[in-house]
Amino acid sequence: MLRSIPGMTVLRPADANEVAHAWAYAVKANAPVAMLLTRQNLDPLPPELAAKINIEKGAYVLSDDDDFEMILIATGSEVNTALGAAKILRAKNRKVRVVSMPSCELFIAQDKAYKDSVLPPLCKARVSIEAGITLGWERFVGDNGMSIGLDTFGASAPYAKLAELYGFTPEKVAEKIEKKF
């Protein structure tokens, strides 16, 4: 819900590499910034993907196939999940683009050309992945897309058990995507 505060920039970095970039952005910002981190053990982005990090644009293409047919948009720790789901989908000959969106606010502030380069309007098969409320993701996935999120609160258990229960494993996310697209 921090995203609903006017003038607030929310940063949800995907791994330690994005955290470093997010911190560099936050200390230079002239407005309030909330950096939301995870306690989970996350795989660091491989160097070839970490080289693409662009926090200041709010979102950037992390991985994609030529002629991709769908876009997976993830934020924070769910970027690892999106990359895992993309690997599963690619093994089934699906062509995927993975977008890391550490800041919705910064992405919205970009010009149309940049936003269209990351989320091309012709690609309607879009999926947002965030273990949080799905509110707000409709502006990125559109009418034909889907948001994988949690619109409930209060479950308590080890992360891996909750990820399995709520469908935030690469396998379960890929399965949901295949059912829709």
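The values are calculated or read from the model by the stated rules, or taken from the named source; none is laboratory data. This one's a predicted model, so the numbers in the text were calculated from it and none came from an experiment. A quick note on method: Cβ atoms are made from the backbone with ideal geometry, for glycine too, and the neighbour counts reach across all protein chains shown. Side chains are part of the model used for accessible areas, which takes the heavy atoms of the whole protein and leaves out ligands, DNA and RNA. Shrake-Rupley method; radii C 1.70, N 1.55, O 1.52, S 1.80 Å.
Open to solvent by less than 50 Å² (accessible area, probe 1.4 Å), over 19 Å from Phe140 (Cβ atoms) and among the hydrophobic types (A, V, I, L, M, F, W, C): is that true of Ala26 in this structure? Answer is yes for this residue. Identify the residue in segment 82-103 that is of a type outside the set (Lys, Arg) and open to solvent by 10 Å² or more (accessible area, probe 1.4 Å) and, among all such residues, is nearest to Ser128 (Cα to Cα). My answer is Leu83.
A single member of Pro47, Pro13 is open to solvent by 50 Å² or more (accessible area, probe 1.4 Å) and either at negative phi or without any contact (Cβ under 8 Å) to a residue 60 or more places away in the chain (or both), and it is Pro47.
Annotation: of all residues in segment 127-159 being open to solvent by 30 Å² or more (accessible area, probe 1.4 Å) and assigned to a strand (DSSP E or B), the one that is farthest from Ala34 (Cα to Cα) is Met146. Taking the residues in segment 123-168 that are modelled with pLDDT under 95 and touching a helix residue (DSSP H, G or I) at 6+ places or on another chain (Cβ under 7 Å) as candidates, determine which candidate is farthest from Glu69 (Cα to Cα). Among residues in segment 123-168 that are modelled with pLDDT under 95 and touching a helix residue (DSSP H, G or I) at 6+ places or on another chain (Cβ under 7 Å), the one farthest from Glu69 (Cα to Cα) is Ala155.
Going by the structure shown, is Pro6 out of contact with any helix residue (DSSP H, G or I) (no Cβ under 8 Å at 6 or more places or on another chain) and not in a helix (DSSP H, G or I)? Yes. Do you know which of the residues in segment 104-123 that are more than 24 Å from Met1 (Cα to Cα) and assigned to a loop (DSSP other than H, G, I, E, B) is most open to solvent (accessible area, probe 1.4 Å)? Of everything passing the filter in segment 104-123, Leu122 is most open to solvent (accessible area, probe 1.4 Å). Residues in segment 66-81 that are over 17 Å from Leu49 (Cα atoms) and assigned to a loop (DSSP other than H, G, I, E, B) were compared, and the one that is least open to solvent (accessible area, probe 1.4 Å) is Phe68. Number of residues in segment 135-180 that are among the β-branched types (Val, Ile, Thr) and within 28 Å of Lys115 (Cβ to Cβ) equals 4.
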